[in-house]
Amino acid sequence: MIENVEDQLIEFIKIEMQQDLAHDINHVFRVVNIAKELCLCEGANMEILLPAAYLHDCFSFAKNHPDRAQSSLYAADKAITFLASIYYPVALLPAIHHAIVAHSYSANVEPKSVEAQIVQDADRLDALGAIGIARCIQVSTRLGVNLYCNDDPLCQFRQPDDTQYALDHFKTKLFNLAESMHTQSAKIEAKKRTEFMKIYLAQLNNEI
C-alpha cells in the first residue's frame, strides 16, 4: 500500500464528502473499523478493502432523491478518479470500484469478491443495533416522518409504511439485513444487533 494512504483517504473525505445525517464522516469511520475487523477474520486484501471502505459514501444522493439507487455508482467513479490522482495501483482500481458500487442496499448489486462482501456487510451492520436505531430516527425526523403509528406502532395488523412512520423502517428493511450478510463474523454480529433492536421496540411499545 502506498505511503500515508489512510491519511490521504481521510483528508479527501473530510473535504469532498457531501455529508447528510445518514452518511456523515462518523458513519465512514465506523464502517472502516468494522471492515478492518472483518478483513482480519476473512483474510481479505486490505489494499482493496481500505480505500473502498473509506470512499464508499464519498458521493450520496439524499434518501428521498429519485436517483438514490445510483449513489454508489457515482461514489465509485469519484473514488477511482481520486485514487488515480494519488497514483494508487491501477490493477486494484476495478476491484475497489466494484466494492463501492456493490455496498449499496438500493443499488441491489451482488458483491462478487470477499472485499465487496465485507464493505457491504460493514455498511449494513452500521444500520443495526443502537447506532442503527439512532440513525433511523435521525434521518426520519429530517424527512418529516412520524415516529410511529398510534393505532398500531409495531405493524402487527397493517402493512408497514416507512414513508409515514420511522419505526416501520425496522420491518421494511432493517430486520431483513441480518439475512443478507455474507461473512460469518458479520452474520453473528448482525444477529446480536437485531436482537437488541427487538428489545428496544418491545420496551418502546410498553411505554406507548
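The values are calculated or read from the model by the stated rules, or taken from the named source; none is laboratory data. Not measured: the values here are computed from a predicted model. Glycine gets a Cβ as well: all are built from the backbone with ideal geometry, and neighbour counts include every protein chain shown. For accessibility, only protein heavy atoms count, side chains too; no ligands or nucleic acids. Shrake-Rupley method; radii C 1.70, N 1.55, O 1.52, S 1.80 Å.
Annotations for the structure displayed:
- Residue count for region 24-39 satisfying the condition of being of a type in the set (A, V, I, L, M, F, W, C) and within 19 Å of residue 139 (Cα to Cα): 4.
- Scanning region 138-163 for residues that are open to solvent by less than 60 Å² (accessible area, probe 1.4 Å), without any contact (Cβ under 8 Å) to a residue 60 or more places away in the chain and among the aliphatic types (A, V, I, L, M) turns up 145, 154.
- Among the helices (runs of 4 or more DSSP H) confined to region 98-208, the ones with at least 1 residues that are farther than 30 Å from residue 50 by Cβ and out of contact with any Ser or Thr (no Cβ under 9 Å at 6 or more places or on another chain) are located at 129-142, 168-172, 184-207.
- Residue check for residue 174: within 19 Å of residue 20 (Cβ to Cβ), within 14 Å of the chain's Cα centre (by Cα) and open to solvent by less than 10 Å² (accessible area, probe 1.4 Å): yes
- Hits in region 102-133 (condition: at pLDDT below 95, under 21 Å from residue 21 (Cβ atoms) and open to solvent by 20 Å² or more (accessible area, probe 1.4 Å)): 105, 106, 107
- Verdict on residue 42 being closer than 17 Å to residue 99 by Cα, charged (D, E, K, R) and modelled with pLDDT under 95: yes
- Members of region 79-92 found to be open to solvent by 30 Å² or more (accessible area, probe 1.4 Å) and free of Cβ contacts under 8 Å to residues at least 40 places away in the same chain, listed by number: 80, 81, 84, 85, 90, 91
- Lone qualifier among 95, 99 - being open to solvent by 10 Å² or more (accessible area, probe 1.4 Å) and more than 12 Å from the chain's Cα centre (by Cα): 95
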